[in-house]
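The values are calculated or read from the model by the stated rules, or taken from the named source; none is laboratory data. Note that the coordinates shown come from a computational prediction; the quantities given were computed from them, not determined experimentally. Note that each Cβ is placed from the backbone with ideal geometry, even for glycine, and that neighbours are counted across all protein chains shown. Note: accessible area is taken over every heavy atom of the protein model, side chains too, but ligands, DNA and RNA are not part of it. Shrake-Rupley method; radii C 1.70, N 1.55, O 1.52, S 1.80 Å.
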Amino acid sequence: MDPVTQTTPVSIIIPAKNEAAVIGTVVAEIREILPAAEILVVNDGSSDDTANVATAAGARVISHPYSKGNGAAIKTGARAAANDIAVFMDADGQHKAADIPRLLARLGQGYDMIVGARSRESQASWARHMANGLYNRLASLMTGHTIEDLTSGFRAVKLAKFRKFLYLLPNGFSYPTTITMAFFREGFGVDYVPIECPRRVGDSHMHLLKDGARFFIIIFKVGTLYSPLKLFTPISALFFLIGLCYYAVTFITEGRFTNMGILLFVSSLFFFFLGLISEQISNLLYMKQDDE
């Protein structure tokens, strides 16, 4: 097992959209900490001077002709990176370059991905903290492992293993969720290093209502990606239990089996078989990854 240190060739991949106000400082701080690192800024269709500022600061810049999404920028960077070890971080100044060596040192201790886990004080808002806590608990339940920060975009990875799952990653903001669950599903080593994040510079690209609804869907995507039966079997059992109780009440009070009772039992079977089919599809996705 080769140790990962500050002298190990590393690619720092930074997706950026309209971050001209801070990207130069971010690149300069990384260069000061890791002077030999490849710093790769993926300019995701910015309408400001992000690309020129990053280039002037010494980064290698790849520009999308239009905004494809944070996840798409991550995939572009992962494909273009020149080294075997990569660190993904945000361009808004929230992730500290000084924390990179800590992630790399932990990566060299037998792990395949190290995630920077944000403290409660580092969350953007109380609502964001509550939502992230819900994601973490669900993912921990699914995997059987404690997941401290499912949505953190600050992580160090072994790129050969990361690239195996590029076809699974969405183009939007939920790539950290998907890649974390994929690594656990495949049996790769994942660990966490606590970090503190200052307030971002500039406006956030996240919107509470729109992205809140989208992240609610991610909760179910997490379950169906990792182990669909773990998600659908309890739902099926719940409908069966409700149907059984409803049947008992209607039989005692009306002496018959109602249409609603039938609907509840059929719904129970529906969710069970939906989970079974989803489990097979999930297995096929990972079989595809293994073949590649």
Return the total of residues in the stretch 219-235 being touching a Gly at 6+ places or on another chain (Cβ under 7 Å) and open to solvent by less than 30 Å² (accessible area, probe 1.4 Å). 3
Looking at the stretch 79-98, can you tell me whether even one residue there is at pLDDT 95 or above, part of a helix (DSSP H, G or I) and within 27 Å of ARG185 (Cβ to Cβ)? yes
Output the number of residues of the stretch 152-185 satisfying the condition of being open to solvent by 30 Å² or more (accessible area, probe 1.4 Å) and free of Cβ contacts under 8 Å to residues at least 60 places away in the same chain. 1
Out of SER67, SER63, SER47, which single residue is out of contact with any Phe, Trp or Tyr (no Cβ under 9 Å at 6 or more places or on another chain), over 23 Å from VAL115 (Cα atoms), open to solvent by 10 Å² or more (accessible area, probe 1.4 Å) and part of a strand (DSSP E or B)? SER63
Check the stretch 129-147 and report whether any residue there is at pLDDT 90 or above and either over 23 Å from ALA59 (Cα atoms) or crowded, with 16+ Cβ neighbours inside 10 Å (or both). no
Which is touching a Gly at 6+ places or on another chain (Cβ under 9 Å), aliphatic (A, V, I, L, M) and either in a loop (DSSP other than H, G, I, E, B) or at pLDDT below 95 (or both), of ALA28, ALA21? ALA21
Filtered residues of the stretch 29-44 (kept if crowded, with 17+ Cβ neighbours inside 10 Å, out of contact with any Lys or Arg (no Cβ under 6 Å at 6 or more places or on another chain) and of a type outside the set (Asp, Glu)): ILE30, ARG31, LEU34, ALA37, ILE39, VAL41, VAL42, ASN43
